[in-house]
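Beneath this line is the structure, given in structure tokens, with notes to follow.
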Amino acid sequence: MSDLRCQLDLLSAMNKKLQRDEKMLRLICETSNSAFLYYNYEEGTVQTIANWDYFFDFKVTNKMDFNRFYDCVEEKYISPLREALFIEKRGMKSTTIDVKMKESKMWVEVETNIIYNEQGHPTDKIVRFKDVTKFNSQNDELTYMAYYDILTGLYNRNYFVRLLGEFVRKAKEENGNVAVMFIDLDDFRKMNDGLGIIVGDEIVQLFGQFLSELANDNIVISHFNSDIYCIGIYNPCGNRSVDAIYKKIYERLEKPFKLSTGQELSLSVSVGVAEYPEAASNTLELINCAEIVMFKAKSSGKGKIQYFDGSILEDFLQNVSIETKLKEAVFAQNFNMHFQPQFHTTDKMLRGVEALIRWKDETGKMIRPDVFIPIAEKNGMIVPIGTWVMEESIRIYAEWKRKYHYPMIMSLNVSAIQYKQPDFIDKVVQILEKYDVSPSEVELEITESILIDDFQEITEKLAILRDIGIKISLDDFGTGYSSLSYLKGLPIDTLKIDKSFIDTVITDENTRIITESIIYMVKKLGYETIAEGVETQEQYDYLHEIDCDNIQGYYLGKPMPPEEIEALIEKTLA
Ligand code: G
Ligand code: G
Ligand code: MN
């Protein structure tokens, strides 16, 4: 009796433990946010456990029901899922894949585990289903970012380069063509600085959205960076396809873009076009060429399209090589100064000299200042070069002064970038003091174009320089936009009439009329006049007759090294 009692107690205890274990396992399953499927090979039975309903609206009770899984997932996951559910056919122990559900769009991780007996036969299969939507959508976003630009929804630069590479590869195989349009918004920096980067972003977005409408199988469009877009076209019909796209862009730009603030804004773009295989033999070079050509479009007045042309590339490469050599020259101070004399018209006495920089590269080749000065202005090297020019010229002038005591004017060309340096005035004063040269012996030349871009800032500085006693002269007068009325009130002392007037003053009646009125009015305003580029006796006589104060030009003296200027001074003094 007590034996039986004992066994019953034991059974009951075991039962309790089993119940507890089962409850524990059930709770673990249910709180795991997963669903499980258990298949027993020996009995051929299927059991579904835990959060089954969260994933599926059907039950699986036998092996045949497995087919129902395939209806739930998107097409491309059907066969991977079949393989994952039956890995025992390939003798595998476990595998995990992600599938996307057709209707709910849920991402489900499916993990299959098989247990084998000692003979290597499968005995149990456990499949776990887990919701990984959150994780995978983040992945979606990463995938998106790998291909697209978030701001515009266009392809990003990296992916564009890949797609363009595909075009080029195809074109190589099929003897086809690929065109790249490199598009840059004009004056974007001004808009961005003036209206703020939020508005700047909106502009980039609006134009990008418009461009995206132009895409098709053979036209890929990207937002390259900041205000730059690139279009790749496979097998364009000559320039026709490019022209057609440009026409659409051009027509769109005739209407303003409406910002979210209600403000309307007109845009223009500069476009460079290069084509494979004409311009370049590989993808990156092709983009480079289109970019270089775009710069040409921009510098020839914006709002333009420029097609590739070998000479543009050549100029560009030459400029790059000049830029490299220029850096070395600045470092080694491989320049020297020439001076062109200026004479009083009435008695041909020396008035002063204009300092003109000269540069011979390491092969001894002369590189003209009108070639390298614009490059130096672009990359900022004009600042050290300009300082050197000023110090060297004034040093030489001080020597002449010490030697001959002949009062003259040293005229220096100064670029806008130099004026804009905060310490420009201090530097000038410092150099004058160092060489003991009086401010009235120095004249700084400015060009009209300088004044147009930064009128306020530069005229303020000019006024200060004049207060110190330095002369200011307006160079190349007549080539820019200047009107005589705008001259009034400019802080200048001297006006240099551009060579282009002098060139035709004898032969062209109109030029004569204009030149005479300029000289008449300028003298009335109280400025001194200098005629530039005087090459003949006839021109000289005429300028003398109309009372131009000073003459500069090959007729009386070319730019020359300092020793020759000394000879001139000696002659003047004799
Ligand atoms: O002789 P010429 O080729 O020197 O000069 C060509 C151009 O280069 C001219 O417009 C002249 O003003 C400019 N230039 C010459 N020397 C200098 C210089 O020292 N500084 C600047 N900014 N321009 C210069
Ligand atoms: O732009 P700016 O005035 O600074 O430039 C002066 C330039 O004009 C220098 O390049 C100088 O060599 C050039 N020049 C000066 N006089 C004459 C001249 O009589 N004829 C020609 N062709 N060039 C001149
Ligand atoms: Mn000059």
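The values are calculated or read from the model by the stated rules, or taken from the named source; none is laboratory data. Note that the structure is a prediction, hence the values are computed from the model and not measured. Every residue, glycine among them, receives a Cβ derived from its backbone with ideal geometry; neighbour counts consider all protein chains shown.
Somewhere in region 446-459, is a residue farther than 24 Å from ILE375 by Cα and in contact (Cβ under 8 Å) with a residue 60 or more places away in the chain?
Within region 446-459, not a single residue is farther than 24 Å from ILE375 by Cα and in contact (Cβ under 8 Å) with a residue 60 or more places away in the chain.
Conditions tested, residue by residue: (1) within 18 Å of ASP187 (Cβ to Cβ); (2) assigned to a strand (DSSP E or B); (3) touching a residue at least 40 places away in the same chain (Cβ under 8 Å); (4) of a type in the set (Lys, Arg).
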position: PRO236; (1), (2), (3), (4): no, no, yes, no
position: ARG240; (1), (2), (3), (4): no, no, no, yes
position: LYS248; (1), (2), (3), (4): no, no, no, yes
position: GLY262; (1), (2), (3), (4): no, no, no, no
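Looking only at region 55-73, which residues are surrounded by 13 or more Cβ atoms within 10 Å (Cβ to Cβ) and of a type in the set (Ser, Thr, Tyr)?
TYR70
When residues of region 426-469 are filtered for being among the β-branched types (Val, Ile, Thr), touching a helix residue (DSSP H, G or I) at 6+ places or on another chain (Cβ under 6 Å) and within 16 Å of ligand 1 (Cβ to nearest atom), how many remain?
Residues meeting the conditions: 3.
Are any residues in region 237-260 modelled with pLDDT of 90 or more and among the hydroxyl-bearing types (Ser, Thr, Tyr), and if so, which ones?
Within region 237-260, TYR246, TYR250, SER260 meet the criteria.
Can you find a residue that is modelled with pLDDT of 95 or more, surrounded by 13 or more Cβ atoms within 10 Å (Cβ to Cβ), over 27 Å from ILE492 (Cβ atoms) and of a type in the set (Ser, Thr, Tyr) anywhere in region 541-564?
So far as region 541-564 goes, no, none of its residues is modelled with pLDDT of 95 or more, surrounded by 13 or more Cβ atoms within 10 Å (Cβ to Cβ), over 27 Å from ILE492 (Cβ atoms) and of a type in the set (Ser, Thr, Tyr).
Check whether at least one residue in region 12-28 is buried (at least 16 other Cβ atoms within 10 Å of the Cβ) and closer than 21 Å to ILE115 by Cα, and report yes or no.
no
Quick check on my filter: what residues within region 508-543 are more than 23 Å from THR447 (Cβ to Cβ) and within 16 Å of ligand 2 (Cβ to nearest atom)?
Across region 508-543, the qualifying residues are THR536, GLN537, GLU538, TYR540, ASP541, TYR542.
Does at least one position in region 498-512 carry a residue that is aliphatic (A, V, I, L, M), free of Cβ contacts under 8 Å to residues at least 24 places away in the same chain and farther than 17 Å from LEU474 by Cα?
no
Is there a residue being within 16 Å of ligand 1 (Cβ to nearest atom) and either touching a Lys or Arg at 6+ places or on another chain (Cβ under 7 Å) or free of Cβ contacts under 8 Å to residues at least 24 places away in the same chain (or both) anywhere in region 318-325?
No, every residue in region 318-325 fails to be within 16 Å of ligand 1 (Cβ to nearest atom) and either touching a Lys or Arg at 6+ places or on another chain (Cβ under 7 Å) or free of Cβ contacts under 8 Å to residues at least 24 places away in the same chain (or both).
So, of the residues in region 352-380 that are of a type outside the set (Val, Ile, Thr) and buried (at least 20 other Cβ atoms within 10 Å of the Cβ), which turns out to be farthest from ligand 1 (Cβ to nearest atom)?
Step by step, filter region 352-380, then rank; the result is GLY352.
Return the residues of region 320-349 that are crowded, with 21+ Cβ neighbours inside 10 Å, more than 14 Å from ligand 2 (Cβ to nearest atom) and closer than 30 Å to THR572 by Cα; say none if nothing qualifies.
Selection gives THR345 alone.
Restricting attention to region 368-408, which residues are among the β-branched types (Val, Ile, Thr) and closer than 15 Å to ALA329 by Cα?
Listed by number, the residues that qualify are VAL371, ILE373, ILE375, ILE382, VAL383, ILE385, THR387, VAL389.
Pick from region 265-307 the residues that are part of a helix (DSSP H, G or I) and over 16 Å from the mean Cα position of the chain (by Cα): which of them is surrounded by the fewest Cβ atoms within 10 Å (Cβ to Cβ)?
The extreme case among them is GLU285.
Report yes if ALA35 is surrounded by 10 or more Cβ atoms within 10 Å (Cβ to Cβ), touching a helix residue (DSSP H, G or I) at 6+ places or on another chain (Cβ under 6 Å) and on the phi > 0 side of the Ramachandran plot, otherwise no.
For ALA35, the condition - surrounded by 10 or more Cβ atoms within 10 Å (Cβ to Cβ), touching a helix residue (DSSP H, G or I) at 6+ places or on another chain (Cβ under 6 Å) and on the phi > 0 side of the Ramachandran plot - is not met.
Which number in (1) more than 16 Å from ligand 3 (Cβ to nearest atom); (2) surrounded by fewer than 20 Cβ atoms within 10 Å (Cβ to Cβ) marks the one condition that TYR397 misses?
Of (1) more than 16 Å from ligand 3 (Cβ to nearest atom); (2) surrounded by fewer than 20 Cβ atoms within 10 Å (Cβ to Cβ), only one is false for TYR397: (2).
Suppose the filter is away from ligand 2 (no atom under 16 Å from the Cβ), of a type in the set (A, V, I, L, M) and buried (at least 20 other Cβ atoms within 10 Å of the Cβ); does LEU444 pass it?
no
Okay, residues lined up against (1) at positive phi; (2) surrounded by 19 or more Cβ atoms within 10 Å (Cβ to Cβ):
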residue: GLU392; (1), (2): no, no
residue: ILE409; (1), (2): no, yes
residue: LYS427; (1), (2): no, no
residue: ASP436; (1), (2): yes, no
